[in-house]
Amino acid sequence: MNSLFYLVPCFGIVALLYTFIKGSWVGKQDAGNDRMKEISKYIAEGAMAFLKAEYKILTYFVIIAAILLGIMGSTHQNSHWSIALAFVVGAVFSALAGFIGMRIATKANVRTAEAAKTSLSKALKVSFTGGSVMGMGVAGLAVLGLGAVFIILYTAFAPGSVSSLEMERVIEVLTGFSLGAESIALFARVGGGIYTKAADVGADLVGKVEAGIPEDDPRNPATIADNVGDNVGDVAGMGADLFGSYVATVLATMVLGRETLSTDAFGGMAPILLPMLIAGTGIIFSIMGTWFVRISESAGLSTAKVQSALNMGNWGSIVLTAVASYFLVNYILPDTMTLRGLEFTKGGVFGAIIVGLVVGTLMSIITEYYTAMGKRPVLSIVRQSSTGHATNIIGGLSVGMESTLIPIIILASGIYGSYLCAGLYGVAIAAAGMMATTAMQLAIDAFGPIADNAGGIAEMSELPKEVREKTDILDAVGNTTAATGKGFAIASAALTALALFAAFVGIAKIDGIDIYKADVLAGLFIGGMIPFIFSSLAITAVGKAAMSMVEEVRRQFREIPGIMEGKAKPEYDKCVAISTQASIKKMMLPGAIAIITPVIIGFLFGPEVLGGFLAGATVSGVLMGMFQNNAGGAWDNAKKSFEKGVEINGETYYKKSEPHKASVTGDTVGDPFKDTSGPSMNILIKLMSIVSLVIAPTLSDIFKDQIEEDRKNKIEMLSNFGTEETVSHQTEATPANTKDAINMQ
């Protein structure tokens with residue numbers, strides 16, 4: 001094996017060293033007074049209690065799934081029982097990614113609050129460093145895990161060439177790693193999302209709307225659970241989410257890279273090596289990008305300056321990655337390559353990478369426009385809040401729906417453009433290019449929940465008003481960056497799902513997906529329905545858990561004398577327990593749907609119907625994800641606009657005004673949209689594609705006769721148009737979709 005392959009896990013080690021160094025720096029910062037430390041301890045203990053309960057349940061799932069995968073791998077000639085081990089490793093690394101994020105966030109939150117006593121610049125430095133520890137840790141684990149597992153499998157199976165059956169087995173076993181990562185990511189995202197929004201909704205409805213007390217007021221019994229929720233949903237869940245996304249994107253490109261005919265200096269393995277190297281170098285440039293995220297000590301209290309600093313770091317890492325990709329592509333790829341009969345050049349591959357980076361950047365910009373304070377969409381919701389709760393809801397829904405238009409056009413253009421550059425491999429490498437700066441994206445995303453927690457600690461510790469003003473600025477920017485991060489994730493998911501879809505068609509040995517067939521069209525509709533029922537279950541879970549939270553908060557206000565006067569201490573642990581139990585129970589059914597439905601459809605109706613199912617789920621899931629993420633983000637910042645003070649028709653409105661109360665209702669509706677069901681869509685569509693990819697070899701064996709019959713019918717039908725010889729020649733070579741099949745042509 002070429003020494004460049006061993007360089008891949010080294011990039012992961014560099015990222016983990018950075019994580020350790022910066023994590024130690026955060027830990028050495030001042031944690032404030034005793035009251036701040038006490039509240040921080042409550043939050044950390046609640047977060048770890050949730051994580052412990054969730055991982056206990058997921059351990060049972062991982063063991064059972066690994067056994068089933070091992071049995072399937074042992075009974076199929078092109079698979080291997082080691083897929084079960086790869087699955088376990090992927091699951092463990094994904095869980096570890098969430099754990100790292102949780103630990104650093106619960107350290108950085110109180111230190112950010114203390115830093116805000118000094119300056120906005122210091123508070124940004126602490127919160128963003130905490131976010132970057134998580135970003136580099138997640139990316140480092142992904143690159144280290146994927147690279148190391150690939151090297152071990154390659155060495156163990158010792159393939160003679162890239163087109164050999166042994167190499168096919170290596171890639172198929174590697175899908176187990178991605179399946180483990182995405183499975184944990186889905187449960188972590190859904191469970192964390194249910195937890196955080198149950199607490200948030202309960203705290204808002206009783207605290208802000210009914211009792212009229214500020215957000216994060218220590219008198220609110222749900223406020224600790226709310227702050228814990230920021231960590232388990234927006235940090236641990238998000239960490240596992242992007243870990244899985246990162247791995248799935250690289251894997252999809254590797255699967256198509258194995259099929260690509262390439263005469264290069266790496267034994268034909270350059271198309272497999274390229275996405276791993278792009279991911280690795282992306283980590284280095286993400287680390288360099290963090291150097292640009294800074295504001296001066298004399299900077300005023302401005303969200304624009306903070307947003308500009310984050311954008312500078314993001315764009316810097318993107319530009320550096322683009323430049324590095326040019327040299328990587330020219331160094332390792334040959335002048336021309338072929339995938340499934342389509343020839344493309346290394347220049348086309350670089351073009352596809354640029355397309356991916358541009359699409360990711362544009363998606364972030366458009367999402368920022370639809371969710372940022374001061375922009376037309378959020379201001380339209382602010383204005384409609386002046387006429388009541390109902391018009392606020394109408395405004396948010398319309399903004400969410402409108403926000404799908406431009407992103408979908410950009411995404412569709414990106415898919416078509418990357419395909420023109422380098423075929424299906426171009427689509428996959430575009431997604432890999434987009435995800436190359438995941439470490440930076442996640443650092444920007446994770447700093448928001450840390451700042452939000454810092455504001456909560458400042459409020460509960462009764463720190464000076466100017467401290468909360470600084471944390472609120474960071475939190476407002478964090479809401480926008482969280483929304484843009486979700487837009488980025490759903491765009492990458494669409495490209496990745498298409499690449500996985502193409503890989504599934506090849507491994508299942510089918511010629512394509514014919515929607516003229518009634519059963520395939522039925523599968524398309526069933527797939528389109530899945531994101532809706534998934535969202536329904538997730539939102540219903542939040543609603544039921546929030547009802548329990550509301551009842552508990554009301555009980556404490558009613559039965560514990562002195563809470564509202566600040567003379568009695570609320571029972572915070574009761575609210576933490578409600579969110580923990582509800583999230584663990586309610587995450588199982590949505591997660592099971594994502595994993596089980598492709599298996600049922602595939603084994604009952606065959607790979608072609610399953611392909612139709614995946615197509616429907618992908619289109620529906622991408623649209624649902626964009627709609628929910630953007631509507632929720634816009635509602636949230638409309639509420640924050642009132643908290644800063646906003647002018648409507650010549651009159652300025654603030655907290656506790658009637659329009660503000662309407663905006664709180666909208667934010668409450670949007671919470672499960674943007675933090676539970678919306679961000680789960682990108683995991684849902686990729687997880688179903690990966691499950692399908694894992695079972696594809698078995699399906700091709702079970703439905704071999706049906707696939708062959710369909711192929712003969714296709715040849716017979718096309719031969720009526722006088723093309724029998726050409727069609728027969730092409731379709732005999734197409735099914736395996738391997739280099740050997742292409743060589744037959």
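Quick notes
- Evaluating 6.51 cos²θ - 1.76 cosθ + 1.60 at θ = phi - 60° for every residue in the range 508-514, the Karplus couplings come out as 6, 6, 9, 7, x, 10, 9 Hz, glycine and proline recorded as x.
- The chain: angle of helix 389-402 to the longest principal axis, Cα-based, in degrees nearest 10: 30
- Anisotropy class assigned to the range 570-665 is oblate, per the alpha carbon gyration tensor with a/c at or over the 1.5 cut-off and a/b no larger than b/c.
- Here the peptides 346-355, 475-484, 35-44 are ranked by packing, the mean other Cβ count within 10 Å, and the order with the highest first is 475-484, 346-355, 35-44.
- Figure legend: label point modelled 7 angstrom from the Cα of Leu301 along Cα→Cβ; residues of the range 607-643 with amide N under 14 Å from it are 643.
- With all protein chains in place and a 1.4 Å probe, the accessible surface of the chain carries 63 percent carbon and sulfur.
- With Cα atoms, 0 to 90° folded angle of helix 120-157 axis to the chain main axis: 20
- Tilt relative to the chain, helix 704-719 - C-alpha long axis, 0 to 90 degrees, to 10: 70
- Of the residues Ile595, Tyr654, Tyr18, the one whose Cα sits farthest towards the positive end of the charge dipole of the chain is Tyr654 (charges of +1 on Lys and Arg Cβ, -1 on Asp and Glu Cβ, taken about the Cα centre).
- Diffusion coefficient (Stokes-Einstein, Kirkwood radius over C-alpha pairs, 10 °C, 1.306 mPa s) for the range 42-140: 100 µm²/s, rounded to a whole number.
- Sorting the segments 356-368, 450-462 by their mean number of nearby beta carbons within 10 angstrom, highest to lowest, gives 450-462, 356-368.
- Ordering 597-605, 239-247, 103-111 by mean Cβ neighbour count within 10 Å, with the highest value first, yields 239-247, 103-111, 597-605.
- Accessible area per residue, Å², the range 19-71 with all protein chains present, probe 1.4 Å: 56
- Residues whose placed amide H lies under 5 Å from that of Ile295, excluding near-sequence neighbours: none
- Spin-label model, Thr540/Cys10: points 7 Å from Cα along the beta carbon direction are separated by 5.4 nm.
- The range 1-63 and the range 434-454 have Cα centres spaced 14 Å apart.
- Rounded to the nearest 500, the 222 nm mean residue ellipticity of the chain from helices alone is -28000 deg cm²/dmol, with -39,500 (n - 2.57) taken per DSSP H run of at least 4 residues.
- If you take the alpha carbon atoms of the chain and fit the smallest convex hull around them, that volume is 138 Å³ per residue.
- The figure for Arg376 is an accessible area of roughly 110 square angstrom, using a 1.4 Å probe on the protein chains alone.
- Magnitude of the charge dipole, the chain, Cβ model with Lys/Arg +1 and Asp/Glu -1, debye to 20: 1580
- Tensor-based shape of the range 212-305 (alpha-carbon gyration tensor, a/c under 1.5 rounded, otherwise prolate or oblate): oblate
- Label positions at Arg554 and Ala49, each projected 7 Å from the Cα along the C-beta direction, are separated by 2.4 nm.
- Averaged per residue, the range 189-286 has 13 square angstrom of accessible surface, using a 1.4 angstrom probe with ligands and nucleic acids left out.
- Spacing of the modelled spin labels on Leu342 and Asp519, each 7 Å from Cα toward Cβ, amounts to 2.8 nm.
- Normalised per residue, the accessible area of the range 519-582 is 50 Å², obtained with a 1.4 Å probe and no contribution from ligands, DNA or RNA.
The values are calculated or read from the model by the stated rules, or taken from the named source; none is laboratory data. The structure displayed is predicted, hence computed values, not measured ones. No Cβ is skipped: glycine too gets one built from the backbone with ideal geometry, and neighbour counts run over all protein chains shown. SASA here: full protein model, heavy atoms, side chains in, ligands and nucleic acids out. Shrake-Rupley method; radii C 1.70, N 1.55, O 1.52, S 1.80 Å.
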